[in-house]
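Presented below is the structure to which this report refers.
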Amino acid sequence: MDDRKKDVIRQTDAEAIRLAKTLLRSARFGALAVLEPQTGSPLASRVGVATDIDGAPLILVSMLSAHTPAMLADPRCSLLLGEPGKGDPLAHPRLTLICQALMLERGSDAHARAERRYLNRNPKARLYAGLGDFSIFRLEPQRASLNGGFGKAYLLERSDLVTVGPIVEELAASEQSALEHMNTDHLDAIAVYAHYYAGASAGGWGIAGLDADGMDLVSGDNVCRVFFPQPLVEVGELRPALVEMARVGRAAGQANNET
């Protein structure tokens with residue numbers, strides 16, 4: 001029995017890690033499970049989701065919600081991500097993260113960065129983000145379970161999902177100015193990223209987030225994830241990577257038009 005159980009879990013490879021990161025970075029919402037302080041029973045609810053620049057999930061929640069005091073009493077929680085499409089919902093990939101919830105202190109640098117990234121991703125939340133009973137929690141991933149569809153189960157570690165190193169803080173310091181510059185002056189390049197690298201068909205794309213692995217693109221309620229050809233090691237590599245990706249995408253599009 002144990003051998004058969006082990007056989008169900010595939011060896012984690014680069015493809016599985018990329019799928020997990022795609023589900024994490026492209027999620028607009030998720031199912032958060034916590035433990036009720038009074039009973040110890042599991043409690044699940046839907047929350048809006050963004051990610052910190054290193055990949056940790058961010059949620060904005062009210063103290064009036066049952067899950068908020070539950071996380072304060074016991075930070076153990078899990079977050080299920082992944083949207084079903086047509087047909088059997090169990091045939092679509094999903095990611096379950098085992099996390100420790102950490103409420104970010106208002107006025108701290110960590111809160112400012114998290115709020116900025118959350119609102120870039122979920123601009124409608126500006127209506128209530130500043131209210132006194134709302135707080136941002138960072139969900140620190142401990143491990144994860146990825147189900148890529150029938151027969152595609154993987155176990156992942158924190159190191160598979162969370163970026164570490166100087167690049168995190170370096171990129172965080174310049175991310176907002178880079179976003180504003182791209183979204184103001186280079187919408188044509190962003191369209192190339194969406195259409196060529198993500199196969200997106202909708203228009204009106206903008207960049208909602210940049211990180212060492214890639215970028216999150218949004219168009220209304222549509223979200224797509226685009227990875228850099230290679231993860232960034234230092235922040236100076238960002239601009240050349242964006243320029244080269246636009247060049248390659250345009251060249252491919254021109255070649256297709258000529259055939």
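Within the range 19-38, the set of residues being under 20 Å from residue 148 (Cα atoms), of a type outside the set (Gly, Ala, Ser) and not in a strand (DSSP E or B) comprises 19, 21, 22, 23, 24, 25, 28.
When each of 115, 180, 175 is tested for being touching a helix residue (DSSP H, G or I) at 6+ places or on another chain (Cβ under 9 Å), over 26 Å from residue 16 (Cα atoms) and among the acidic types (Asp, Glu), the lone residue that passes is 175. Among the residues of the range 46-93, those that are charged (D, E, K, R) and closer than 14 Å to residue 34 by Cβ comprise 46, 74, 76. The number of residues in the range 50-86 being in contact (Cβ under 8 Å) with a residue 40 or more places away in the chain and open to solvent by less than 40 Å² (accessible area, probe 1.4 Å) comes to 21. Summed over the range 183-195, the residues that are in contact with a strand residue (DSSP E or B) (Cβ under 9 Å, 6 or more places away or on another chain) and either closer than 26 Å to residue 20 by Cβ or among the hydrophobic types (A, V, I, L, M, F, W, C) (or both) give a count of 4. Considered as a group, the residues in the range 214-230 that are without any contact (Cβ under 8 Å) to a residue 40 or more places away in the chain and open to solvent by 30 Å² or more (accessible area, probe 1.4 Å) include one that is farthest from residue 21 (Cα to Cα), and that residue is 220. Within the range 87-96, being under 20 Å from the mean Cα position of the chain (by Cα) and open to solvent by 50 Å² or more (accessible area, probe 1.4 Å) holds for one residue alone: 94.
The values are calculated or read from the model by the stated rules, or taken from the named source; none is laboratory data. Here the structure is a predicted model, which means the values were calculated and not measured. All Cβ positions, even for glycine, are placed from backbone atoms using ideal geometry, and neighbour counts span all protein chains on display. Only protein heavy atoms, including side chains, enter the accessible area calculation; ligands, DNA and RNA are left aside. Shrake-Rupley method; radii C 1.70, N 1.55, O 1.52, S 1.80 Å.
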